[in-house]
1. Do you know which of the residues in segment 117-172 that are surrounded by fewer than 13 Cβ atoms within 10 Å (Cβ to Cβ) and among the small types (G, A, S) is nearest to E53 (Cα to Cα)?
2. Which of the residues belonging to segment 25-45 are over 19 Å from T180 (Cβ atoms) and in a loop (DSSP other than H, G, I, E, B)?
3. Filter segment 46-58 down to the residues that are in contact with a helix residue (DSSP H, G or I) (Cβ under 6 Å, 6 or more places away or on another chain) and assigned to a loop (DSSP other than H, G, I, E, B) and list them by number.
4. Based on what the data block shows, is I50 surrounded by 13 or more Cβ atoms within 10 Å (Cβ to Cβ), more than 16 Å from S193 (Cβ to Cβ) and in contact (Cβ under 8 Å) with a residue 12 or more places away in the chain?
5. Output the residues belonging to segment 79-137 that are small (G, A, S) and either more than 30 Å from D46 (Cβ to Cβ) or not in a loop (DSSP other than H, G, I, E, B) (or both).
6. Say we look at segment 73-106 and pick out the residues that are among the aliphatic types (A, V, I, L, M) and surrounded by fewer than 18 Cβ atoms within 10 Å (Cβ to Cβ); which of these is farthest from the chain's Cα centre (by Cα)?
7. Keeping to segment 78-102, report how many residues are of a type in the set (D, E) and free of Cβ contacts under 8 Å to residues at least 60 places away in the same chain.
8. So how many residues does segment 187-210 have that are outside any helix (DSSP H, G or I) and either hydrophobic (A, V, I, L, M, F, W, C) or more than 14 Å from Q34 (Cα to Cα) (or both)?
Amino acid sequence: MRVFKPLLWLGLSILAATGSAANDSASAYELGKQYNLVREVATPVDPKRIAVEEFFCFCCPHCYAVEPLIEGWRKKKATDVDFIYVPNTLGRPDGEVQARAFYIAQALGVEDKIHQPMFQAIHDQHIPMGSLNTVRDLFASAAGVKPDDFDQLSSSFVVDGNLRKAEIEARDYGVSSTPTIVVGGKYSVAGGSPDLTKILDFLVDKVRKERKS
C-alpha cells in the first residue's frame, strides 16, 4: 500500500484541482456583481428561444461606443438566440424622437440603413436629431424614404404602440440607464461591463440550462 500511496494522493490532488477549476469557472460571473436579476421576470413567448434585448438610445455615447462589440457578438450568437434592439427615451424629448425614428425605420423595413447613420449623425457629425424634420431628412438621404411615407408613419398607431410597449418593458425590467442588455427576460447586464460578450454567452447558457431543468 505504501508504494501506491503517493499515486493515490496525486490522483486526489488532480481531482481537487479539477473540481476547484470547475467551481471557479462556474462562479466567474456572480449575481449582484457582473449581472443582476430584472425587477419583473418576463415569461418567454417561446421557451425554446432566448431573447437578448439591448435597451439603447441613439443619443447615448456609451451605446454608440459598444455598438461594434454588440454587432460582432450578434454575428456569432447561438441559433436559438434572438437579438432585439429596444430604444429607450431616457426621459428626454430628443430621446423620444429618436426612439420614434427607430420604429418608423422598422415599419418601413429600413432599420439596417438607418441604425448606423443615426448614431453617426449624432456622435460624429454632431447633428442633434431632436426633431422629426431633421430625422426625416436623414431617412431620405440614407435610405431613400419619401417624406410622405415618413410622415404617415411618424404618428401612426403602430409606431405609438411600439413606443409605449418599449417604455413599459423598460420600466418592468427596471432599466434605468443605457446600454442595458436583458437576457431571457430575466437577467440584466450593463453594456459597458468588462468581458461583455463573455457575460452574455454565460447568461444565455444559464437561461438555457434553467429552462431545461
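1. Taking the candidates together, the pick is G161.
2. Of everything in segment 25-45, those that are over 19 Å from T180 (Cβ atoms) and in a loop (DSSP other than H, G, I, E, B) turn out to be S27, A28, T43, V45.
3. Within segment 46-58, the subset in contact with a helix residue (DSSP H, G or I) (Cβ under 6 Å, 6 or more places away or on another chain) is 47, 50, 55-58.
Result: P47, C57, F58.
4. On the way: surrounded by 13 or more Cβ atoms within 10 Å (Cβ to Cβ): yes; more than 16 Å from S193 (Cβ to Cβ): yes; in contact (Cβ under 8 Å) with a residue 12 or more places away in the chain: yes.
It is true that I50 is surrounded by 13 or more Cβ atoms within 10 Å (Cβ to Cβ), more than 16 Å from S193 (Cβ to Cβ) and in contact (Cβ under 8 Å) with a residue 12 or more places away in the chain.
5. Step one: of segment 79-137, the residues small (G, A, S) are 91, 95, 99, 101, 105, 107, 109, 121, 130-131.
Scanning segment 79-137 gives G91, G95, A99, A101, A105, A107, A121, G130, S131.
6. Just the residues of segment 73-106 that are among the aliphatic types (A, V, I, L, M), to begin with: 78, 81, 84, 86, 90, 97, 99, 101, 104-105.
Imposing the further condition that a residue be surrounded by fewer than 18 Cβ atoms within 10 Å (Cβ to Cβ) reduces the set to 78, 84.
Numbers: A78: 15, I84: 7 Å.
Here the answer is A78.
7. Selection size over segment 78-102: 2.
8. Qualifying residue count for the region: 2.
Bear in mind that the values in this text are calculations on the coordinates, not laboratory data. All figures in this text were calculated on a predicted structure; none of them were measured in a lab. Heads up, the Cβs are rebuilt from the backbone with ideal geometry, glycines too, and the neighbour counts pull from every protein chain shown.
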